[in-house]
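> Below: one structure in structure tokens.
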Amino acid sequence: MQVIANGLALGAVLFLIGSGLALLLGAVGVLNLAHGAVYMAGAYVTWTFGMLMGWPFPLAVGMAAVACAVLGLVFERLFRLVPRSPNEQILLSFGLIYIMANVAQWIWGPVAKPPFDVSWLAGSVQLGVVAIPVGRLAIAVVGFGIAVLLWYVQDKTRIGAIVRAGMDDATMTRALGINLNLVVVAVFVLGSAVAGIAGGVGGLVLGASSDQPMQILLLALIVVVVGGVGSVSGTIVAALLIGLLDSVSRFLFPDMAVVVLYALMVAVLVIRPTGISGRAS
Amino acid sequence: MTSRKVRQRRIGAIISTAAVVSLTAACATSATDSAPAASSAPAATAAASSAASAASSAAASGSAQACAPGDDLTVGLLTPMTGFAANYGPEAAAGLQQALDEAGSTAGGRKITVITADEDVTDPSQTLERLKQMVESDGADVIVGPIFGSTQQAVAAYLKQQNVPMFTMLGGGENLAGEGTGFLWPAADNRTAAPLGTYAAEDLGYKKIATLAPDYAYGHDAIDGITKAFEAAGGTVAQQQWVPLGTTDMLQYATKLDQSVDALAMWLVPSDAAAFIKEYRNLGIKVPLLLFQGIFDPTYQEMGDQVQGEIGLNEYNHLLDNPANAAFTEAYAAANDGAIPNQTTAFAYQVGRNIVTALDADCGDATTQGLRTALADLPLDTVIGAAHYNADGMAVSNRVVVKATKGADGRYEWEPVKTYENVG
């Protein structure tokens with residue numbers, strides 16, 4: 001039971017990490033590999049306000065969301081330089097990763113910040129034989145909240161309808177008089193803000209460090225590959241599945257655990273390249 | 001419909017490419033987790049030159065003979081200066097420079113200059129190329145570093161082939177000494193942590209322990225040292241957990257701990273240790289910890305509350321009470337606005353002094369054989385007390401059992417409790 005609880009707890013972290021990337025890739029077709037760098041920025045900003053300056057934790061996370069939204073705005077400008085060219089997008093992303101990681105080292109030093117210590121999120125909740133740290137519950141709550149928000153925006157609002165229309169046929173959508181550029185900007189800002197929140201809340205478990213851009217990117221990519229793009233529910237299912245699989249495999253055969261995630265990713269790519277619930281053609 | 005299909009395929013292809021690219025990069029990154037004793041105080045900035053005279057009284061213990069002036073000698077410092085481990089480079093450079101300044105940058109009649117190269121911790125082959133340039137083009141006679149076990153192993157064969165001595169400052173695998181050209185300070189990795197096992201069994205009376213460490217050479221070496229000593233003293237090891245490279249989530253290792261043990265002996269890099277201990281406390285686990293290396297600053301200063309009263313084992317500790325350490329810390333503080341030196345700086349300083357001592361003793365013979373002969377069993381008066389290198393180039397030195405405390409000034413310290421001599 002404890003193993004399953006651990007897996008669900010990890011799944012919540014993974015969902016937060018993966019959702020922003022899935023949103024960007026699915027909704028505007030931009031492969032922003034610097035997503036992990038935005039996550040890192042969120043973690044450091046949260047650390048600065050929450051730990052260094054002693055602001056209330058939710059407020060610090062809010063600041064991270066704002067800062068990363070601004071970052072998203074800048075990134076959108078940069079990615080506009082290389083539209084519809086994945087290779088250039090990948091190169092640009094990697095450039096951004098290196099720049100941001102080094103800027104972070106310059107500002108916050110090369111030594112990683114330990115997991116954020118927030119007194120009211122310390123301790124754990126005992127559910128029968130299972131103990132779940134409160135911080136993990138907080139992450140799960142935030143993750144669930146963001147999932148609902150994203151699902152609602154994407155599936156139930158006019159903006160969501162425009163985004164989906166733009167995904168399917170950008171030319172036709174433009175012909176209808178819709179300013180798709182504005183939509184792209186909005187999605188970039190929203191996706192980056194989500195990454196910022198993920199960095200802040202995820203910091204309860206992962207802290208903040210300048211090697212996060214790569215570390216987080218890898219996890220986010222696995223989630224996106226397994227879950228597919230353009231669907232919130234796919235991301236949720238993938239994140240929980242990966243969290244559970246990781247936890248269970250580490251329990252049953254710890255030596256092989258690291259391979260299991262990549263094996264799953266490869267299997268999904270071979271059998272169902274669009275991911276678990278990627279929009280089928 | 002067709003365009004959508006194409007698009008879906010394209011996205012799939014992009015993701016796969018990206019995944020492969022980042023996977024490769026991440027693998028390279030994770031290989032660097034094989035840090036040995038990852039010390040981490042705020043980066044020491046400049047060389048501690050003005051402090052030279054202050055500490056010169058405590059300089060090399062080897063009797064400096066009058067040697068005829070020889071050729072200039074070049075020391076190549078190979079440490080990370082960029083990337084996530086960028087703190088090591090400046091820290092080590094400051095310590096080495098302080099030692100050389102004290103000696104007037106001369107030893108055994110030879111004038112010493114220092115050149116540096118960046119140890120790329122994500123790419124040992126790149127580091128090897130830089131080392132080759134340092135040795136073949138820039139004429140490095142002696143190498144100080146590298147820091148990371150993965151790099152040490154990658155450059156060992158080349159240095160052996162060139163017969164260039166390698167002075168490590170934060171341990172190293174046993175195989176680097178003996179046949180290799182390594183001089184391992186403060187000890188070989190598989191021996192350095194042993195006193196923690198002895199102390200747990202003999203002084204704390206523990207009968208049964210569990211262990212936790214990363215699943216790479218340094219983790220295994222450190223833990224093996226502890227468990228062998230613990231078992232030799234009559235204890236049993238009930239559970240061993242090895243954390244694979246690239247693990248981000250520590251919760252499972254806390255929940256899986258066999259809580260019937262008397263203590264958990266562990267070593268993780270500071271950020272992972274902090275993440276693990278946080279989960280440990282969240283879950284309310286009461287099993288005492290035995291922390292090899294303690295937890296280094298600045299991480300310790302941020303989470304010190306969570307380990308108060310726990311026992312650790314230090315290789316270096318700035319509170320160590322001996323004349324060489326007093327002189328070193330004083331001179332360092334004087335040159336750095338009262339800063340406290342960390343282990344990397346202290347050991348780079350010590351290794352610098354060891355080299356000076358050896359060169360003074362053998363009148364500037366910087367070959368591996370010359371230095372081995374000069375240093376073998378030569379008593380060294382070091383920042384961690386009396387020490388020496390054996391004939392194979394492995395240092396034998398003191399360890400100190402420490403306890404996590406909080407000073408009156410609010411600073412967290414590792415307070416020395418008991419010293420073990422001649423470890424290694």
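Here, each number is a calculation from the coordinates, and none is a lab measurement. Computed from a predicted model, the values in this text were never measured in an experiment. As a convention, Cβ positions derive from the backbone with ideal geometry for all residues, glycine included, and neighbour counts pool all protein chains shown.
> Beta carbons within 10 angstrom, averaged per residue: use that to sort the peptides A:63-74, B:180-191, highest first.
Highest-to-lowest ranking by the protection proxy: B:180-191, A:63-74.
> Ok, one more. Among A:HIS35, B:HIS220, B:HIS318, what is the fewest-to-most ranking by other Cβ atoms within 10 Å?
Details: A:HIS35 33, B:HIS220 16, B:HIS318 21.
Taking fewest neighbouring Cβ atoms as first place, the list is B:HIS220, B:HIS318, A:HIS35.
> Work out the FRET efficiency for B:ASP138 and A:ILE4 from their Cβ-Cβ distance, taking R0 = 51 Å, and round it to the nearest 0.05.
Efficiency at R0 = 51 Å is approximately 0.35.
> How many partner chain Cβ atoms sit within 10 Å of a residue's Cβ in peptide B:75-84, on average, as a whole number?
2
> Averaged over A:111-124, how many beta carbons belonging to a partner chain fall within 10 Å of each residue's beta carbon?
Mean shielding count: 6.
> Take the residue pairs B:LYS256/B:LYS278; B:LYS286/B:LYS418; B:LYS132/B:LYS160 and return only those whose Cα atoms are more than 19 Å apart.
B:LYS286/B:LYS418
> Determine ³J(HN,Hα), in whole Hz, for all residues of region A:153-160 in sequence, where each value follows from phi through the Karplus function 6.51 cos²θ - 1.76 cosθ + 1.60 and θ = phi - 60°; x replaces Gly and Pro.
4, 6, 9, 10, 10, 4, 4, x
> Turning to a different aspect of this structure: Can you run phi through the Karplus equation (6.51, -1.76, 1.60; θ = phi - 60°) for region A:126-138 and list ³J(HN,Hα) in whole Hz, with x for Gly and Pro?
Residue by residue, region A:126-138 yields 9, 10, x, 8, 9, 10, 10, x, 4, x, 5, 4, 4 Hz.
> Averaged over peptide A:216-226, how many Cβ atoms belonging to another chain are found within 10 Å of each residue's Cβ?
Averaged over the peptide's residues, the number is 4.
> Which ordering of B:ILE147, A:ILE99 is given by a fewest-first count of other beta-carbon atoms within 10 Å? Mind dumping the intermediate values first?
Values: B:ILE147 28, A:ILE99 12.
Lowest count first: A:ILE99, B:ILE147.
> Now, a different point. Could you calculate the FRET efficiency of B:ASP377 with A:LEU52 from 1/(1 + (r/R0)^6), where r is the beta carbon distance between them and R0 is 56 Å, rounded to 0.05? Could you put the intermediate results ahead of the total?
Numbers: r = 50 Å, r/R0 = 0.89.
The formula returns an efficiency of 0.65 here.
> Continuing with the same structure: Return the FRET efficiency for the residue pair A:LEU73, A:TYR262: r is the Cβ-Cβ distance, R0 is 30 Å, and the value is rounded to the nearest 0.05.
0.30
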